[in-house]
Amino acid sequence: MASQRKTISPGQESQCLDYANSVLGSKAFSPWLKVYTAFQGEFKEGWIPDNYIGRIVSPAMNGPWRGIGQFKTLSRRLVNSPSIPDLAYFIKGSWVSLEGEPVNLKQVKEICFQDFSHVFLKMDFSQQGNGIIKLDKSKFDGLDFSSLGDFVLQKPIKQHSFLEEISPGSVATLRVTTVKLAGNSAVNRLSGLRIGSKGEEFITSKNSLRIPIFLKTGDFFESALKSDWSILSSHPETGEKFKGLTFPHFHKVVRYCEMLHDQFPHFQLIAWDVSVDDLGEVFIMEWNTDEPGIIYSEATIGPHFRDLGWENLWKKAPNGAL
């Protein structure tokens, strides 16, 4: 950001340090506050640093259950929604159908390719585009599945035509971060879109663009951010301006994620990665119950969590969390 003339003053740096230490319990949380301040040009009370989410908020909100979303082979069984595009599983060396019945490799191949030209293999604990393989029939036949651990095979998603225009070939994913407080229904608190570059088979964290989304309207933030925090006001391939664009069926997608979260009172914080087609059908790509990424939306259009009392959670955190 310094290369883009976004820096902080000594006074703002002191604000970040003081707030991290006195409000959040440790100066270790000041670096992300400095990043947010540099981007905004001013310090804002209520910002949640990324490492505060990981060390303090997620353990407090989701406790011992927090890592369960990393098991991709369990997602559909737990969420119990046809919106998760699973086809078959490979678990502990055995092939398993969507219904939980044992099947063989020939049957799995038929399940995958009777309707689709390709499928996606997604390993347990995969994230940010790592641990994902696109398979056609030829690659399927040549792959040593036993070397990959447990994984799920998923059908391809035909995304909304608008999303295909801005993320051609790779499914754009909307992050919907829902919070469910005790005695309350789940509510979306932060959303952002990830889009890929032309020619990519699926989106990776390193090469994607992040576009924060305004919650009331589903409108795009005026700029997209690359992983190195460089800022783009228009699409690098099409030249289309991001300002004025809106995510299709945004409120329907959000309501669906909130409904799914309400089925899980064990979790108070879930980040859903979703897409949608032309008819408004929602697809759940992943659900994150551990440490949801918030930095790009929090820095640009946050704070998103100011009224939740999260700044006090560190006071009950176990020793060593700070």
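For the reader, a short list of remarks on this structure follows.
- Residues of region 106-119 that are surrounded by 12 or more Cβ atoms within 10 Å (Cβ to Cβ) and either within 28 Å of the chain's Cα centre (by Cα) or touching a residue at least 24 places away in the same chain (Cβ under 8 Å) (or both): Val108, Lys109, Ile111, Cys112, Phe113, Phe116, His118, Val119.
- Here Ala20 clears all of (1) under 27 Å from the mean Cα position of the chain (by Cα); (2) open to solvent by 20 Å² or more (accessible area, probe 1.4 Å) except the condition numbered (2).
- In this entry, Ser83 passes the filter for residues that are modelled with pLDDT of 95 or more, among the polar types (S, T, N, Q), assigned to a loop (DSSP other than H, G, I, E, B) and buried (at least 16 other Cβ atoms within 10 Å of the Cβ).
- Residue in region 173-187 that is touching a residue at least 60 places away in the same chain (Cβ under 8 Å), among the hydroxyl-bearing types (Ser, Thr, Tyr), more than 17 Å from His304 (Cβ to Cβ) and surrounded by fewer than 18 Cβ atoms within 10 Å (Cβ to Cβ) present: yes
- Scanning region 239-276 for residues that are farther than 19 Å from Ser167 by Cβ and of a type in the set (D, E, K, R) yields a count of 4.
- Every residue from region 76-91 that is touching a strand residue (DSSP E or B) at 6+ places or on another chain (Cβ under 8 Å) and not small (Gly, Ala, Ser): Arg76, Val79, Ile84, Pro85, Asp86, Leu87, Tyr89, Phe90
- Candidates Ile270, Ile203, Ile211, filtered to the one that is surrounded by 14 or more Cβ atoms within 10 Å (Cβ to Cβ), of a type in the set (Val, Ile, Thr) and free of Cβ contacts under 8 Å to residues at least 60 places away in the same chain: Ile211
- Qualifying residue in region 191-200 (condition: open to solvent by 30 Å² or more (accessible area, probe 1.4 Å) and on the phi > 0 side of the Ramachandran plot): yes
The values are calculated or read from the model by the stated rules, or taken from the named source; none is laboratory data. Computed from a predicted model, the values in this text were never measured in an experiment. Counting neighbours? That spans all protein chains shown, and the Cβs are built from the backbone with ideal geometry, glycine included. To get the accessible areas, we keep the full protein, side chains included, count just its heavy atoms, and leave off ligands, DNA and RNA. Shrake-Rupley method; radii C 1.70, N 1.55, O 1.52, S 1.80 Å.
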